[in-house]
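What follows is one structure encoded as structure tokens, with my remarks underneath.
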Amino acid sequence: MSQSRQLAVIMFTDIVGYTKLMGSDEEYALGLLRKNREIHQTQIKKHHGDLVKEMGDGILARFASSTDAIHCAIEIQRQAQRTDLNERIRIGVHLGEITEENNDTFGDGVNIASRLQSIADPGGIFISESIQKSIRAQADIQTRFLGEFELKNIDFKLRTHAVLGYDLPITSASKIKELTGRNWKERALSSPILYIVIIVLTLAGWWARKQLVSNERTISSLVFLPFDNYTGTDTLDYLMAGMHNALIGEAGKIQALRVPGTKTSNAYRDVTKSTTEIASELNVDAIVETSISCIGDAYCFQVKLITSFPEEKQVWVKDFNVERDQIVNWTRGLAKEISSEIKITITPGEEALLASTEAIDPAAYDLYMKGKFYLNQINDASLKIAERYFKQAVEKDPQWAPPYAGLAEVGLYQKQMGFVPATIVLPLIHENLNKALELEPNSANTHYSNAVNAVWTEFNWEKGENEFLRAIELNPNHAYARIFFAHLLTILRRTDEALSQARKAEELEPLDPFIQGLYSNVLRRAGDCKAAKEHADKGLSVDPNHHFALHELIGAYECIGSYEQAFQIKKHIPPWKQLWEQYGATHFMDSIFRVQGWTGVLREEIKLSEKYGIYGQDSFVQYERYLEVGKPERALDYLEKLYERRNPGLPYISSINHYKDLKDNPRYIALLHKMHLPVD
């Protein structure tokens, strides 16, 4: 019987709650187990490890390198995030001595990895200090020391660390406290004398706890309310909005902090709700209020941090006098100072992003903020004004990246909405994006714009995915990067991943009707028609006239089969209301719907479009109509025209709701091949 001892890196994983799941839904549980096995087998092999054995839902693997083991663990969790295994897998990794005998592996090394796994956060990775020391020179792996914990059947306190980044969970202060505190409690309960002492202390402390509720609460989420303007000047809306958005963007770089986005924050402008009410509605731990009282050679700010539990309480306040050319540095420094005040752990990478400094020409900053203000209005006239301001900002400060990124955003909107021909605007988009990235390679917003351009203009899916991931890495709270990444994943038919990103986007911008509409679109294409309607309704509860949310509500009703509701909305909103009235078709469409139903209305819309060109001969909507009325060949005629024109709607032909109808059509498959989209 051969036996050998050696030093090895051991990774132990399991699925949280698997036994209970087997009892309630065996088929679903077995499906998860197969998916879990596939992910592990692929990643362990890819990272040069050996899968030693499976124990039900637990997996034991061995590696020669700590770096390989951690990269493998990270990739397993990243793959899980894109499936139903999201936040279900716990991983423990330890470097120690193991014993091998009869093709089996055991010993302290295995026991410690197993115990680390048992206390890890669902979706997280806990490692021992021996692993942390061996990987600390790896710049792409960040860790956080949690404490010294006594683990079952381990006869010494184990210094334990958590791996950070990559959307891994942040271990809460309450859990660390529990892990630290449970050790002496377990020992005490085994000692009669200490047991009595505990009872006495417990009874003595009971009355005090009844009299005083602790105000201590871990802050891991906060909302930055819109700035209050106390300058006496009422023409600074553009500046207040820009600074507010910039501060949210800087704080959003901190992964351990959840920061609701600008649209959600702006929903609380000029409201009379209390801090407690706002915090409760947004499920945040604290609120930041910022006011500006003077503007000249410097800005005068006051910033307050207010918690809402167990009662409204101002826990921090500070006044700032900021030179105008230092405003960008101030927003970064403020985000860092607040994180320090609430004891949030910042990774070295985040520290570097928030520590970077640059002096900005005040005139260029002012022009840029005016450009952003008009950019966000998104119409033909406002985009032209925004473009003018961004160009003036570039003239003032040619080495500042944001105005170039602003010009690229203007071009993207103009192309998407058909305001400027693609042949004219595309070279400008590329030129400005490249310049912005050259000047500021760590801008989440510019990488986001680059991703949008890559997907909906270049049809370059790999570049788009890499750029979205880079934007999210730089700003994990970037809701728009996440929701449009969800759309790319929908196009690539990676539905579980798409839904995961869309959920995270909505958590960050719950009161943004556009985000809700985009989420509704993802759900509808995934086949969840009821949820699609719910999110379209959520968007319209914020803005009842939001154009995109209304269109998605029509799509959701159509998906459900509630054609009466879809028709009633359609005939009362642009562009159908105006077009039907212009061509005298409103009453006609009513009678068509009553006699022929929804399909009859679509047929008549096709005729109107073919006769008058009122929807545009290269409209993606026209392709969808032909598909819905059962004319796939005519639909494909339109697709082929759309491909030649690089229509931004074209990538969606690969989504599940289109693929299931056309997957047996050779022309459709040929187009998927041509576009490098998945064909099976």
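The values are calculated or read from the model by the stated rules, or taken from the named source; none is laboratory data. If you're wondering where the values come from, they're calculated on a predicted model, not measured in any experiment. Virtual Cβ from ideal backbone geometry, glycine too; neighbours counted across all protein chains shown.
Values computed for the structure shown
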read-out: Evaluation of ASP325 against (1) acidic (Asp, Glu); (2) under 24 Å from THR218 (Cα atoms); (3) free of Cβ contacts under 8 Å to residues at least 60 places away in the same chain (one fails), failing number; value: (2)
read-out: Flag for ALA502 being part of a helix (DSSP H, G or I) and within 23 Å of SER221 (Cα to Cα); value: yes
read-out: Candidates PHE459, PHE419, filtered to the one that is closer than 26 Å to GLN501 by Cα and of a type in the set (A, V, I, L, M, F, W, C); value: PHE459
read-out: Subset of the stretch 121-143 that is of a type in the set (D, E, K, R) and assigned to a loop (DSSP other than H, G, I, E, B) - its residue that is farthest from the chain's Cα centre (by Cα); value: ARG136
read-out: Tally of residues being surrounded by fewer than 20 Cβ atoms within 10 Å (Cβ to Cβ) and part of a loop (DSSP other than H, G, I, E, B) across the stretch 350-381; value: 9
read-out: Filter result for VAL52 (assigned to a strand (DSSP E or B), closer than 29 Å to ILE154 by Cα, under 29 Å from the mean Cα position of the chain (by Cα) and in contact (Cβ under 8 Å) with a residue 24 or more places away in the chain); value: no
read-out: ILE378 vs. criteria among the aliphatic types (A, V, I, L, M) and in contact (Cβ under 8 Å) with a residue 40 or more places away in the chain; value: no
read-out: Residue in the stretch 419-444 that is nearest to TYR368 (Cα to Cα), counting only those that are outside any helix (DSSP H, G or I) and either touching a Phe, Trp or Tyr at 6+ places or on another chain (Cβ under 6 Å) or without any contact (Cβ under 8 Å) to a residue 24 or more places away in the chain (or both); value: PRO441
read-out: Matching residues in the stretch 397-418 - criterion: being farther than 16 Å from TYR448 by Cα and part of a helix (DSSP H, G or I); value: GLN414, LYS415
read-out: Qualifying residue in the stretch 423-446 (condition: at pLDDT below 95 and within 17 Å of GLY649 (Cα to Cα)); value: yes
read-out: Filtered residues of the stretch 530-548 (kept if farther than 20 Å from LEU282 by Cβ and modelled with pLDDT of 95 or more); value: LYS530, ALA531, ALA532, LYS533, ALA536
read-out: Only listed residue being touching a residue at least 12 places away in the same chain (Cβ under 8 Å) and in contact with a Lys or Arg (Cβ under 6 Å, 6 or more places away or on another chain), chosen from LEU116, LEU158, LEU151; value: LEU151
read-out: Subset of the stretch 144-165 (residues that are hydrophobic (A, V, I, L, M, F, W, C), part of a strand (DSSP E or B) and farther than 18 Å from THR13 by Cα); value: PHE145, LEU146, PHE149, LEU158
read-out: Every residue from the stretch 257-281 that is surrounded by fewer than 20 Cβ atoms within 10 Å (Cβ to Cβ) and over 15 Å from PRO226 (Cα atoms); value: THR276, GLU277, SER280, GLU281
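Condition check ((1) crowded, with 16+ Cβ neighbours inside 10 Å; (2) among the β-branched types (Val, Ile, Thr); (3) in contact (Cβ under 8 Å) with a residue 24 or more places away in the chain) across all residues:
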position: SER541; (1), (2), (3): no, no, no
position: LEU579; (1), (2), (3): yes, no, yes
position: TYR583; (1), (2), (3): no, no, yes
position: SER591; (1), (2), (3): no, no, no
position: ARG594; (1), (2), (3): no, no, no
position: LEU602; (1), (2), (3): yes, no, yes
position: LEU608; (1), (2), (3): yes, no, yes
position: LYS611; (1), (2), (3): no, no, no
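Condition check ((1) charged (D, E, K, R); (2) modelled with pLDDT of 95 or more; (3) surrounded by 13 or more Cβ atoms within 10 Å (Cβ to Cβ)) across all residues:
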{"residue": "VAL16", "(1), (2), (3)": "no, no, yes"}
{"residue": "LYS20", "(1), (2), (3)": "yes, no, no"}
{"residue": "TYR28", "(1), (2), (3)": "no, no, no"}
{"residue": "LYS35", "(1), (2), (3)": "yes, no, yes"}
{"residue": "ASP50", "(1), (2), (3)": "yes, no, yes"}
{"residue": "GLY58", "(1), (2), (3)": "no, no, yes"}
{"residue": "SER66", "(1), (2), (3)": "no, no, yes"}
